[in-house]
1. I need the full set of residues from the range 47-77 which are of a type in the set (Asp, Glu) and touching a Phe, Trp or Tyr at 6+ places or on another chain (Cβ under 9 Å), in order please.
2. Looking only at the range 61-113, which residues are without any contact (Cβ under 8 Å) to a residue 12 or more places away in the chain and surrounded by 21 or more Cβ atoms within 10 Å (Cβ to Cβ)?
3. What pairs come up if the first residue lies in the range 162-189 and is closer than 17 Å to residue 108 by Cβ, the second is β-branched (Val, Ile, Thr) and in a loop (DSSP other than H, G, I, E, B), and their beta carbons are under 6 Å apart, counting only those six or more places apart or on different chains?
4. Quick one: how many residues across the range 8-28 are over 22 Å from residue 122 (Cβ atoms) and either touching a strand residue (DSSP E or B) at 6+ places or on another chain (Cβ under 7 Å) or surrounded by 12 or more Cβ atoms within 10 Å (Cβ to Cβ) (or both)?
Amino acid sequence: MSSETAPVKYIVFDLGKVLIDYCYDDFFALMRSRGVQVAEVEAFLIEARLLDYEHGHLSCEEFLAGMNRLLSAPLSREQLTDAWNGLFAPIPAMLELARELKSRYPVYLLSNIGKLHWDFLSTTYDLDVYCHDRLASFEAGAMKPAADIYHCAQQRFALEPEYTLFIDDKPENISGATACGWQGLVHQSPASTKKCLYEVTGFTD
């Protein structure tokens, strides 16, 4: 850690691809089997207005209805919800790291996510075990890398920006955080993140 870098007092984790992995393959295979008229999952999510949903501009019912409208053979609400929530798998090494850090630092989660996934992950993985508080984009009305979501997190978590370390897998989200005065660490693997954390905090498990 350079002499110009403030010591870390707070740690904020992204969720997806950092603590919890996800993959759309099985979900989109089901969409294809139900007659979806787009070729790629990215196009499907655009048509379903995922970004509006994760900004909190659509209700869960509106989002599910929007997905179903793209299918020639729509699913029941329960079937579609189960499929949408079936993307995830834990990253055990990172969850354990967050849990251990929580015993030494205030630890928080900041995620671009909609309510269905947020509620599912909160229940399935007991997210509060790994953090002191958490904020979702649909609650904030803003998404990383927009400055508004970092400012909202600062207020909610009572963060001091220069002492806050943000860990995210997307460089653009780290850039958004550092533009707000935070410190940033681009997550690439559990081993590399642990190494970087040791360098800036001295933390070791």
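1. So the first thing to find is which residues in the range 47-77 are of a type in the set (Asp, Glu), and the list is 47, 52, 54, 61-62.
Within the range 47-77, 52, 54, 62 qualify.
2. Residues satisfying the conditions do not exist here.
3. Once the first residue is closer than 17 Å to residue 108 by Cβ and sits in the range 162-189, its partners that are β-branched (Val, Ile, Thr) and in a loop (DSSP other than H, G, I, E, B) give 165/8; 169/18; 187/18.
4. Residues in the range 8-28 being over 22 Å from residue 122 (Cβ atoms) and either touching a strand residue (DSSP E or B) at 6+ places or on another chain (Cβ under 7 Å) or surrounded by 12 or more Cβ atoms within 10 Å (Cβ to Cβ) (or both): 3 in total.
Okay, residues lined up against (1) touching a helix residue (DSSP H, G or I) at 6+ places or on another chain (Cβ under 8 Å); (2) assigned to a helix (DSSP H, G or I):
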| site | (1), (2) |
| --- | --- |
| 121 | yes, yes |
| 143 | yes, no |
| 151 | no, yes |
| 166 | yes, no |
| 196 | no, yes |
| 199 | no, yes |
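No lab work stands behind these numbers, since they all come straight from the coordinates. Note that the structure is predicted; figures quoted are calculated from it, not measured. Neighbour counts are summed over all protein chains in view; Cβ atoms, including those assigned to glycine, are modelled from backbone coordinates with ideal geometry.
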